[in-house]
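Okay, structure first, notes after.
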Amino acid sequence: MIAVPSLAVGARRLHDTGKSGWWQLITLVPLIGGIWLIVLFCQPSEPKENRFGTTAKAA
C-alpha cells in the first residue's frame, strides 16, 4: 500500500537534486545501493529550475 507513494516521493526528491527517478533502482544492489540512495536523498536541491521543472528552492 505504501510502496507507490514512497516511489513517487523518492522520484520527486531525486528530481529536485537534478537526477532521474530511475536512480531508485540502485537499491537492487545489496547493501551499497540503499546507502547510496540515502546519500542521494540527502543532497541539497538545485537552487534554480532544472530539466524536471521547478524545485522546492526555486518556488
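The values are calculated or read from the model by the stated rules, or taken from the named source; none is laboratory data. Predicted model only: the values in this text are computed from it and were never measured. The area values use the complete protein model at the heavy-atom level, side chains included, leaving out ligands, DNA and RNA. Shrake-Rupley method; radii C 1.70, N 1.55, O 1.52, S 1.80 Å.
Karplus-derived 3J(HN,Hα) values for the stretch 44-51, using 6.51 cos²θ - 1.76 cosθ + 1.60 with θ = phi - 60°, are x, 5, 6, x, 10, 5, 10, 5 Hz; glycine and proline are entered as x.
Length available on full extension from VAL29 to SER45: 0.36 nm per residue minus the Cα-Cα distance, which gives 3.3 nm.
Summed over the residues of the chain and divided among them, the accessible surface reaches 74 Å² per residue at a probe radius of 1.4 Å.
The structure shown yields Cα Rg over 2.2 N^0.38 Å, and of the options (1) 1.27; (2) 1.14; (3) 1.61 that calculated value carries the label (2). Amide hydrogen proximity for ASN50: with H placed 1.01 Å from N in the peptide plane, the residues at 5 or more positions away or on another chain lying under 5 Å are THR55.
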